[in-house]
Amino acid sequence: MRTDIFARLDREPEPPKIETPRMSRHRIALFGGTLAFYLAIVIAVLMSSWLVTLDWKVMLFRPYQQWPEIHAFLDYYVVLGQRGPTAVMVACWLGWRSWRQHTLRPLLTLGASLLLLNATVGAVKYGLGRLGPHYATQIGSAELFAGGDIFPSGHTANAVVTWGILAYLAATPRARRYLSAMSAVVSLGVGLTTVYLGTHWLSDVVLGWAAGLLILLGLPWCEPMITRAENWIFAARERLSARSRLVPAPPVAAGDPQPVPAGQPAAAEAARDQVRPPVATDSRPAAVAVVTTAAGSRPRAHTTPPAHQGHPVRSERTPVTPAGSRRPPHADRTPRGGTAPARPVAGG
């Protein structure tokens, strides 16, 4: 029995369709406002405005020294923003949903969002090249184009996208509200934790929140591509299944029996009979005996007759004499228990 995800999709009944979010006017307005905010943060950092001054003040405050008792806990909490562990956890949950709901859309949506995250956030990171607080060289500087890779914060953007995708794929409005609140709390906590640990500037975290939100708001534009990818995967799966059912016949050498299609036993038996070699009635070699003639001058050979398939019953056998030879019965002999004929008495 097959246990893969496609076999499960074939066996279960078709569930209700999952509602696909659309690019409504409200969503478009939110996307435009978030994009404008994103650009404003980038420009403020490029111009070394008050936002950069705030970054330095928070960094010199050193939160990890002000509240050292929560340092150990936040070292583990920040893992909720790492791409590897969070992607595995969320992929397990969405894989189970794909298994139950007969669709690959949850997994494909997660893959598309992570691909957009790596492409957009990664490009800005390496394009601006900002150094982190622990590697800053000049107080009050924006530390841009210095070979860094922390602006925007990848931990924060990843937390927004990875946990927000659960709310995006929620089946009911109530579940969407609860999951949206949960993802907002987790991503907010991850961003502030990176500031506490001194691994990111405050502006890095703010830009990370905006970057992740832009990806979630723009996912409906990717839905047609996700649908085409799902249809292509299922079509490829059907082609592979049909090809595996057509097993090619092995090559047949000259003189060998030709394969006969299944469902024709009579034809198959006739084909086997045509190529079957003749079988001898008695496969035992003939025994040659040398018999000495009465004169004893020359031996002659004779072949023993082939053995009969059936043995005669005891009543059909010739009686055997005490000497052990088979002789025809004499006319003047009577069987045992019979009355012997009277003999003439000589000299009567």
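The values are calculated or read from the model by the stated rules, or taken from the named source; none is laboratory data. Just so it is clear, the structure is predicted and the values come from calculations on it, not from any experiment. Cβ coordinates were reconstructed from backbone atoms using ideal geometry, including for glycine residues, and neighbour counts include every protein chain displayed. Each accessible area value is taken on the protein alone, full model and side chains, heavy atoms only, with ligands, DNA and RNA left out. Shrake-Rupley method; radii C 1.70, N 1.55, O 1.52, S 1.80 Å.
From the list VAL90, VAL52, which one is farther than 19 Å from PRO152 by Cα and of a type in the set (Val, Ile, Thr)?
None of the other options fit; the residue is VAL90.
If ARG130 meets every condition in (1) crowded, with 17+ Cβ neighbours inside 10 Å; (2) not in a loop (DSSP other than H, G, I, E, B) apart from one, which number is that one?
Only one criterion is unmet by ARG130, namely (2).
Assess whether LEU9 counts as being touching a Leu at 6+ places or on another chain (Cβ under 6 Å), under 30 Å from GLY95 (Cβ atoms) and modelled with pLDDT under 95.
no
Could you figure out which of (1) open to solvent by 60 Å² or more (accessible area, probe 1.4 Å); (2) modelled with pLDDT of 95 or more isn't true of LEU30?
Checking LEU30 against (1) open to solvent by 60 Å² or more (accessible area, probe 1.4 Å); (2) modelled with pLDDT of 95 or more, the one that fails is (2).
How many of the residues in segment 145-192 are open to solvent by less than 40 Å² (accessible area, probe 1.4 Å), assigned to a loop (DSSP other than H, G, I, E, B) and under 29 Å from LEU51 (Cβ atoms)?
Total meeting the criteria: 5.
Inspect all residues belonging to segment 221-232 and state whether any of them is on the phi > 0 side of the Ramachandran plot and over 18 Å from the mean Cα position of the chain (by Cα).
For segment 221-232, residues on the phi > 0 side of the Ramachandran plot and over 18 Å from the mean Cα position of the chain (by Cα): absent.
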